[in-house]
Amino acid sequence: MASRCWRWWGRSAWPWTPPLSVGSIPSFRHQFSTQETTPQICVVGSGPAGFYTAQHLLKHPQAHVDIYEKQPVPFGLVRFGVAPDHPEVKTAHCGRCAFWGNVEVGRDVTVPELREAYHAVVLSYGAEDHRALEIPGEELPGVCSARAFVGWYNGLPENQEKTDITKAALDVLRQSRVKTVWLVGRRGPLQVAFTIKELREMIQLPGTRPILDPVDFLGLQDRLKEVPRPRKRLTELLLRTAMEKPGPEEAARRASASRAWGLRFFRSPQQVLPSPDGQGAAGVRLAVTRLEGVGEATRAVPTGAMEDLPCGLVLSSIGYKSRPIDPSVPFDSKLGVIPNVEGRVTDVPGLYCSGWVKRGPTGVIATTMTDSFLTGQMLLQDLKAGLLPSGPRPGSAAIQALLSSRGVQPVSFSDWEKLDAEEVARGQGTGRPREKLVDPQEMLHLLGH
């Protein structure tokens, strides 16, 4: 993990043909001209936002929803960023919903082609990129994003090494020589973004001890009555860990710990320091900061003091950002979102968005659920008001023909269930819930594609 080792598994061996329009495929307009009008809707992205949006849209008793996903497997962040399983499978088992994996919108099929085939299109493809630190030395080996690191150990195909990634990741981490991990933040204890559950798990992490500087917490006790209860409980746990002497049992546990983790508050990275040979990271130069403002307006400003923190691996974790998906779709590159009003894409009737690409990479799964339901509600309102195209649309039949003409082989949800069963079977051999398949080509081979 000391160098950048991610690589993209492409479909370079598959033929690519110039874009076709639905109308240019022989017999398609004639074939579907007599079809009973059913709301045909497609959702781009099969993460939480995509599935929650589909779930709400299926409240319409006739609507058919197709979910397109660039990975061969569904569930997005839930699989590659959080955990391998999630109850969204119930939506995919609905007879009016279909999953089509291994289809990259913007490359294999364009958004205008989707809009021609469906009455409405919802973009829910999330935030696939990370925000850069934008400091000197960030390009050095030994510096990578936390997003890539999480994708690596969770088996995201684009973040794998040349080995079978999840087992390899576990083996690498078991052999890790890392003894100390510092979590660095620009602001202070009252502004931390982690939860009390996450902090408690870190404090109790076997074989480790926490390092907190009591100076960072001076005067904080008096301010606790001003903060909301969840933030108060979190800060109280930080205070106890930093200021109070642990009991005999906890003291003994910490004394025997071979590794440590610590929080460095009021520090802002200015430069990644290179090793003497210039071939890797050797540390980070930090600016010491202080806080100005109150409440949500609190910001960190430099004091002029600097300090160097030695380290051989730097993981940047300052947020995710979305990418533009298609030239036809408006995109705010500064905010990293698709301009929209309550999920309706600005100036593009029939095009919607939900999730992080709609509002930015903020909130938890519950936030995404509420946000996605709102987009679904707006779309169904527009459908009822007659604001969407009238008459039949071919839906997935037209898109499958386009994909076939371009050598793209979609993966259905039943295909995914076969891959899921294979992962579970492989995991049983190692005493784990599953061993993730990470090579798209191997997945397609197992499916006979």
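The values are calculated or read from the model by the stated rules, or taken from the named source; none is laboratory data. Since the model is a prediction, treat every value here as computed from it, not as a measurement. Positions of Cβ are generated from backbone atoms using ideal geometry, with glycine treated the same way; all protein chains shown enter the neighbour counts. SASA here: full protein model, heavy atoms, side chains in, ligands and nucleic acids out. Shrake-Rupley method; radii C 1.70, N 1.55, O 1.52, S 1.80 Å.
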Within the bounds of the range 281-304, is there any residue that is loosely packed, with under 14 Cβ neighbours inside 10 Å and touching a residue at least 40 places away in the same chain (Cβ under 8 Å)? yes
Can you tell me how many residues within the range 282-308 are touching a Pro at 6+ places or on another chain (Cβ under 9 Å) and either at pLDDT below 90 or not small (G, A, S) (or both)? 6
Inside the range 167-193, can you point out the residues that are modelled with pLDDT of 70 or more, open to solvent by less than 90 Å² (accessible area, probe 1.4 Å), more than 12 Å from D216 (Cβ to Cβ) and small (G, A, S)? S176
Mind listing just one residue for me: the one in the range 300-359 that is of a type in the set (D, E, K, R) and within 28 Å of P141 (Cβ to Cβ) and, of those, nearest to the chain's Cα centre (by Cα)? K321
Pull up the range 394-419, narrow it to residues that are open to solvent by 30 Å² or more (accessible area, probe 1.4 Å) and hydroxyl-bearing (S, T, Y), then point me to the one that is nearest to the chain's Cα centre (by Cα). S414
Report yes if some residue within the range 191-213 is of a type outside the set (A, V, I, L, M) and in contact (Cβ under 8 Å) with a residue 60 or more places away in the chain; otherwise report no. yes
Go through A251, A257 for me and flag whichever is surrounded by fewer than 18 Cβ atoms within 10 Å (Cβ to Cβ) and assigned to a loop (DSSP other than H, G, I, E, B). A257
